[in-house]
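Report on the following structure.
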Amino acid sequence: MKFRKILEVAIIAASALLLASCGSSSAKSSQSSSKTITFWYGGDAATAVKPVVKDFEKKTGIKVKVQSVPWSSYNDKLLTAAASKTGPDALVVGTTEVANYASSQTLMDLTNEVKKDSSISDNQFFKGSVDTTKVHNKQYALPWYVESRVLYYRKDLLKSVGYDSAPKTWSQLYDAALKLSKRGKNMYGFNVDSAEPTFGFMFARQNGATLIKNGKAQFNKAPMVDALKYLDKFVKNGAAPAQDTKLTIGQSFGSKGPIPMFISGPWMIQSIQKTAGLKDSQWGVAELPKGSVNNMSNTGGGDLAVFNYSKHKKEALEFVKFLNSKKEQIKYFKASNSMPTRKSAWTDNSLSDSKIQTFRKQLNASEPMPALKAWDTIGTNYTKAWQQITISHADIQKTMDSFNKQSQQLMDK
């Protein structure tokens, strides 16, 4: 009887222990599935990213609150968040801003995470995209989508001045542009983009320029000065407008094509298709014409990062890795036209269009702007310097001497 009593007590205790164990496991599972992270998405609408987010939520049980932040206020809002140590868990980072955010300790250092996970190793991505994520040999983000610049051109109008294909060299680009500008009043051949900070630097690199060398600005050296002289020749001789014409892409590239050649990113494909009123056979895209050294383009896009002060770093890291995967990059491309940074993703049929594949080829000759905290300010100052050259007819060498000094002072701060 005594033994039976002891046995009953033991069974009750064991049952209680089992229930407690199950309750603990259930609570742990509930806690995991109810966890919510916040994701800052650059832009006014997060429609394109929501299908990818839903995939992650379904797979992990982790909820993701997507907050759209306009790019115009993104920088200030994020730096304010870093100062107060309260902000998102995961976020999109513009490629030129990584250095700025890294210096302010806004982003989690992912160097060790990348080293131990072969699925996100550098060789999976385009080199130019990887370079945008690193500052002083430390990695602060994962490449997500990539942009490069190519030449858009009107096939029919180029053919009318003797070009059966897009210009392949600087001399051909100028020759074709000058001939096209002779069509009449307010007709040009090429757009020298006065509002794009990277435009002049891109041409400088094609001419062999090293923008920064051992911490010293090189903007007043011959390769860049000569590249700007080349671009200024378009404006002086009427082959390119001196200022922004304020025309829509449908007005400038469609119809008679007042500006039948320009350089831009992949987002322009859809704009032309929707608004220019052109047949597909009337226009095309091509790799950039080669300068004296190369046909280097600019690598831009967006990277994925973890907020350094997040209380859910493990979940945020799992999230950015998920978005970064081949399958999800392809899915995001289909929804947004933002091109994948993973080289393996480019074998998918959704990227087989010849215009899209031109960007793939250009990415082999594409580099990001220097990873400097002050780069955005330097870029803004460049557009002002260019306006002095084209509008006020300032001496190019003197203007770049001044710009170089100004840039070095910003770099030395």
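The values are calculated or read from the model by the stated rules, or taken from the named source; none is laboratory data. Note that the structure is predicted; figures quoted are calculated from it, not measured. Glycine gets a Cβ as well: all are built from the backbone with ideal geometry, and neighbour counts include every protein chain shown.
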Subject >> From the options 44, 55, residue that is part of a loop (DSSP other than H, G, I, E, B), assigned by TED's automatic domain parsing to the domain that holds residue 332 and touching a residue at least 24 places away in the same chain (Cβ under 8 Å) >> reply: 44
Original post:
Could you count how many residues in the range 164-197 are at pLDDT 95 or above, surrounded by fewer than 24 Cβ atoms within 10 Å (Cβ to Cβ) and under 28 Å from the mean Cα position of the chain (by Cα)?
Top reply: 6
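Take the range 115-135 and flag every residue that is under 20 Å from the mean Cα position of the chain (by Cα) and over 17 Å from residue 299 (Cβ atoms).
Narrowing the range 115-135 to residues under 20 Å from the mean Cα position of the chain (by Cα): 120-135.
Correct list: 120, 121.
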Original post:
Is it the case that residue 344 is touching a Lys or Arg at 6+ places or on another chain (Cβ under 6 Å), surrounded by fewer than 21 Cβ atoms within 10 Å (Cβ to Cβ) and more than 24 Å from residue 201 (Cα to Cα)?
Top reply: yes
**OP:** Could you please find all residues in the range 34-49 being under 16 Å from residue 321 (Cα atoms) and of a type outside the set (S, T, N, Q)?
**Re:** 37, 39, 40, 41, 49
**OP:** Determine, yes or no, whether residue 245 is modelled with pLDDT under 95, surrounded by fewer than 17 Cβ atoms within 10 Å (Cβ to Cβ) and of a type outside the set (A, V, I, L, M).
**Re:** yes
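Would you mind stating whether residue 346 is of a type outside the set (Gly, Ala, Ser), within 20 Å of residue 298 (Cβ to Cβ), at pLDDT 95 or above and in contact with a Gly (Cβ under 8 Å, 6 or more places away or on another chain)?
Values: of a type outside the set (Gly, Ala, Ser): yes; within 20 Å of residue 298 (Cβ to Cβ): yes; at pLDDT 95 or above: yes; in contact with a Gly (Cβ under 8 Å, 6 or more places away or on another chain): no.
No; evaluated as a whole, the condition is false for this residue.
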Subject >> Residue list for the range 76-94, restricted to those being out of contact with any Asp or Glu (no Cβ under 8 Å at 6 or more places or on another chain) and among the β-branched types (Val, Ile, Thr) >> reply: 80, 86
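State the number of residues belonging to the range 205-218 that are in contact with a Gly (Cβ under 9 Å, 6 or more places away or on another chain) and surrounded by 19 or more Cβ atoms within 10 Å (Cβ to Cβ).
Restricting attention to the range 205-218, the residues satisfying the condition of being in contact with a Gly (Cβ under 9 Å, 6 or more places away or on another chain) are 205-208.
Okay, now just the ones that are also surrounded by 19 or more Cβ atoms within 10 Å (Cβ to Cβ), so 205-207.
Result for the range 205-218: 3.
Restricting to helices (runs of 4 or more DSSP H) lying wholly in the range 339-413: which have 2 or more residues that are of a type in the set (A, V, I, L, M)? Spell out the reasoning first.
On the way: elements: 354-362, 375-390, 396-412.
Where helices (runs of 4 or more DSSP H) fall fully within the range 339-413 and carry at least 2 residues being of a type in the set (A, V, I, L, M), they are 375-390, 396-412.
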Original post:
Which of the residues spanning the range 124-160 are hydrophobic (A, V, I, L, M, F, W, C) and over 24 Å from residue 292 (Cα atoms)?
Top reply: 125, 126, 130, 135, 141, 142, 144, 146, 157
